[in-house]
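Data block below; observations after.
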Amino acid sequence: MADPSGFLKAVRADAAKRPVDERIGDWAEVYADLGADLRDAQVREQATRCMDCGIPFCHNDAAGCPLGNLIPEWNDLVRKGEWSLAAERLHATNNFPEFTGALCPAPCESACVLSINPLSGGPVAIKRVEQTIAQVSWERGYTQPVTPGVATGRRVAVVGSGPAGLAAAQQLTRAGHEVTVHERDDRLGGLLRYGIPEFKMEKKGLDRRLAQLRAEGTRFVTGCEVGGTGPGAVSVADLRSDFDAVVLAVGALRGRDAPEIPGRDLDGVHLAMDHLVPANRQCEGDGPAPISAKDKHVVIIGGGDTGADCYGTAVRQGAASILQLDQYPAAPVSRDDARSPWPVWPTILRTYPAHEEAGDRRFAVAVEEFAGDAAGHVREIHLREVTVGRDPETGARSVTPVNDVVDVLPADLVLLAIGFEGVERMPLLDGLGLSLTPRGTLSCGADWQTTSPGVFVCGDAHRGASLVVWAIAEGRSVAHAVDAFLMGHSHLPSPVHPTALPLAVG
Ligand SMILES: Cc1cc2nc3c(=O)[nH]c(=O)nc-3n(C[C@H](O)[C@H](O)[C@H](O)COP(=O)(O)OP(=O)(O)OC[C@H]3O[C@@H](n4cnc5c(N)ncnc54)[C@H](O)[C@@H]3O)c2cc1C
Ligand code: SF4
């Protein structure tokens with residue numbers, strides 16, 4: 001039984017960050033190391049604020065956690081200091097709680113009953129509790145490899161080693177199948193490795209999980225493009241003959257470009273991933289990144305996660321200035337009940353730690369032109385204030401300048417962080433006879449199976465560019481489906497249906 005008045009005794013407290021001056025001098029995570037005793041005491045107080053509501057919206061997959069994390073249960077265990085049991089309950093629904101604890105935008109917290117009224121002191125700091133349970137579990141040795149008790153003799157190929165592929169692989173290995181993860185990159189982890197910067201999640205945590213998966217029996221092959229023809233590639237024919245089932249977890253990595261903006265082809269104008277991947281490689285020890293923000297006036301176009309990651313990376317690379325642009329007006333800083341009533345995910349201004357470090361943001365503006373020097377390198381952006389509309393009939397977006405004023409601003413490095421258009425077009429899809437939906441994704445039936453028998457899909461490849469928590473949830477669900485396909489039934493959990501969507505208004 002939780003403490004029903006816990007929230008009256010303490011207000012929400014987020015994890016302390018390192019001072020800006022300190023953290024921008026390295027690539028380590030932005031959060032301060034409080035030491036285990038103080039950290040655990042603070043987090044126990046935060047967990048005590050959970051009221052164990054009759055209907056806990058936080059762990060409902062539509063409004064709250066897509067994984068169905070048993071949040072009130074582990075909050076109460078943490079309150080009582082029962083960390084081992086809390087770790088067991090957390091891992092019952094989440095393969096990689098240290099990934100979500102570091103990266104998840106926490107829809108559970110905006111669905112927390114304590115987020116309805118600000119006088120309550122704010123929602124329970126669920127993500128912080130989750131992160132700490134995962135940390136304590138590693139520190140005290142509660143997290144260990146779980147080796148399968150049976151061997152089914154069935155072989156499963158997972159294509160892609162992002163969070164969706166890794167979750168599917170771990171579940172299927174633990175169910176007794178022989179699982180091989182094929183990854184085209186030289187290192188494992190997908191966007192966890194080469195998209196998300198070190199200051200958001202240190203890769204040693206990813207490597208520690210990969211060691212656990214290996215110890216459980218999952219096999220990994222890197223530098224292996226499935227369906228490709230280069231060195232290390234595996235053909236579709238070999239994939240089909242060597243494995244009884246295939247899971248496609250190939251992500252949605254086709255970056256959206258803006259070829260219509262004059263000057264897009266100037267040197268110094270890049271897609272965001274062209275900046276983030278080499279910066280992450282540099283942190284892995286691969287040498288200096290070819291695209292660096294050092295001493296440059298950096299303009300980031302796009303206001304989401306990817307833009308914020310370019311922002312923090314540019315700060316650490318020593319940019320002369322940073323400006324992030326968004327076509328939409330700034331959202332309100334707190335929930336607007338008319339637009340996004342509780343418990344739906346609120347449309348609010350998202351401010352990331354990187355935004356506290358340097359630079360500036362401008363809203364309701366669009367670049368009209370990139371202008372360059374005689375050598376063909378970008379030097380300026382021409383900016384207009386705009387409104388964004390939508391055609392009520394076709395849904396097409398229109399961006400209209402509000403006046404004739406053109407702001408000319410310096411720009412030596414422009415990063416386009418305007419989203420992803422879906423799965424890359426690759427020979428693997430042709431080889432399997434699969435085509436993309438108009439959204440650029442791979443569709444599947446209720447059993448997660450594509451139109452190619454025995455070939456399943458999960459994660460961003462199925463959902464479109466999304467979140468780590470959804471990737472893990474889909475990976476777990478596809479594992480259930482593959483296990484049932486191979487064995488006729490499955491005891492593996494299946495937290496989400498392929499058609500599951502977050503609760504929305506309108
Ligand atoms: C810059 C950035 C920052 C983000 N930050 C956050 C965040 O803070 N919080 C959050 O929740 N989400 C974040 N996301 C989203 C999150 O990273 C993704 O939703 C998640 O990684 C999707 O997982 P996935 O396993 O489906 O695909 P991915 O992580 O994209 O992995 C797909 C893998 O498949 C491999 N692959 C593709 N084709 C082949 C082939 N033919 N053969 C072999 N391998 C292949 C790719 O190399 C890649 O490694 C961010 C995304 C980006 C781009
Ligand atoms: S995974 Fe995300 S939504 Fe689920 S409990 Fe953790 S922070 Fe909340």
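Quick note: the coordinates plus some simple rules give every number you see, no bench work behind them. In this text the structure is predicted, and so the values were computed from the model without any measurement. Glycine also receives a Cβ, built like all others from the backbone with ideal geometry; neighbour counts cover every protein chain displayed.
Net charge near residue 486: determine it from the other residues with C-beta under 10 Å of the C-beta of residue 486, scoring Lys and Arg +1 and Asp and Glu -1.
Result for the local shell: 0.
Which one, 55, 405, 318, projects farthest toward the positive side of the charge dipole computed for the chain from Cβ point charges (K/R +1, D/E -1)?
55
Quick check on region 269-416: of the DSSP beta bridges with both residues there, what percent are antiparallel, nearest 5%?
Approximately 50 percent, going by the DSSP bridge assignments.
Looking at 36, 464, 229, which one has the Cα that reaches farthest to the positive end of the dipole of the chain (charges on Cβ: Lys, Arg +1; Asp, Glu -1)?
36
Using the per-residue mean of other Cβ atoms lying within 10 Å as a proxy for protection, in what order, highest first, do the peptides 384-393, 243-252 fall?
Descending mean neighbour count gives 243-252, 384-393.
On a C-alpha basis, how far is the centre of region 83-129 from the centre of region 322-374 in Å? Whole number, if you could?
So the two Cα centres are separated by 25 Å.
Calculate, in nm to one decimal, what residue 402 and residue 286 gain on full extension: separation in residues at 0.36 nm each, minus their alpha carbon distance.
Values: separation 116, 0.36 × 116 = 41.76 nm, distance 4.61 nm.
The span from residue 402 to residue 286 would gain 37.1 nm if fully extended.
With the dipole of the chain worked out from charges on the C-beta (+1 for Lys and Arg, -1 for Asp and Glu) around the Cα centre, which of 488, 375, 217 lies farthest toward the positive end?
Result: 488, furthest along the dipole toward the positive end.
If region 1-109 were replaced by its equivalent ellipsoid, with semi-axes equal to the square roots of 5 times the Cα gyration tensor eigenvalues, what would those be, largest first, whole Å?
25, 18, 14
Could you tell me the distance between the Cα centroids of region 425-504 and region 286-301, to the nearest Å?
Spelled out, the Cα-based centre of one part sits 36 Å from the other.
Per DSSP H run of at least 4 residues, take -39500 (n - 2.57); add these up for the chain, divide by its residues and hand me the 222 nm value, nearest 500 deg cm²/dmol.
Using -39500 (n - 2.57) per qualifying helix, the result is -9000 deg cm²/dmol.
What distance in nm separates the two pseudo spin-label positions at residue 347 and residue 390, each 7 Å out from Cα along the beta-carbon direction?
0.8
To the nearest 20 Debye, how big is the dipole of the chain about its Cα centre, given +1 on the beta carbon of each Lys and Arg and -1 on that of each Asp and Glu?
My answer is approximately 1080 debye.
Residue 324's amide H: which non-local residues (gap 5+, or another chain) put their own amide H closer than 5 Å, with H modeled 1.01 Å from N in plane and none for Pro or chain starts?
Residues meeting the criterion, in which the H sits 1.01 Å from N, are 300, 360, 361, 362.
What is the set of long-range amide H partners of residue 414 at a cut-off below 5 Å, with H atoms built 1.01 Å from backbone N?
The list, which skips near neighbours in sequence, is 269, 270, 299.
Order the peptides 279-287, 487-495 from the highest to the lowest mean number of other Cβ atoms within 10 Å of their residues.
279-287, 487-495
Using label points projected 7 Å from each Cα along Cα→Cβ, tell me how many nm separate residue 499 and residue 11, to one decimal.
Going from the residue 499 label point to the residue 11 one covers 4.5 nm.
Within the set 127/200; 17/200; 127/203; 17/127; 200/296; 9/80, which residue pairs have Cα atoms separated by over 21 Å?
In this structure, 200/296 exceed 21 Å between Cα atoms.
Between residue 214 and residue 186, with labels modelled 7 Å along Cα→Cβ, what's the label distance in nm to one decimal, could you check?
So the label points at residue 214 and residue 186 sit 1.7 nm apart.
Place the peptides 409-421, 459-471 in order of packing, highest mean first, counting for every residue the other Cβ atoms within 10 Å and averaging per peptide. Each step should come with its number before you reach the end.
Working: 409-421: 21.8, 459-471: 24.9.
Result, highest mean Cβ count within 10 Å first: 459-471, 409-421.
Per 0.36 nm of contour for each residue apart, how much would the distance between residue 491 and residue 242 grow if the chain were fully extended, relative to their Cα-Cα spacing?
Result: 87.1 nm gained on full extension.
Skipping prolines and chain starts, which residues have an amide H placed within reach, meaning under 5 Å, of the one on residue 224, given they are 5 or more residues away or on another chain?
Distant-sequence amide H within range of residue 224: 183, 184, 185.
Any chance you could run the full-extension gain for residue 371 through residue 155? It's 0.36 nm times the residue separation minus the Cα-Cα distance, nm to one decimal.
72.3 nm
As a test, work out the antiparallel percent of DSSP beta bridges whose residues both lie in the chain, rounded to the nearest 5.
Just about 35 percent of them are antiparallel.
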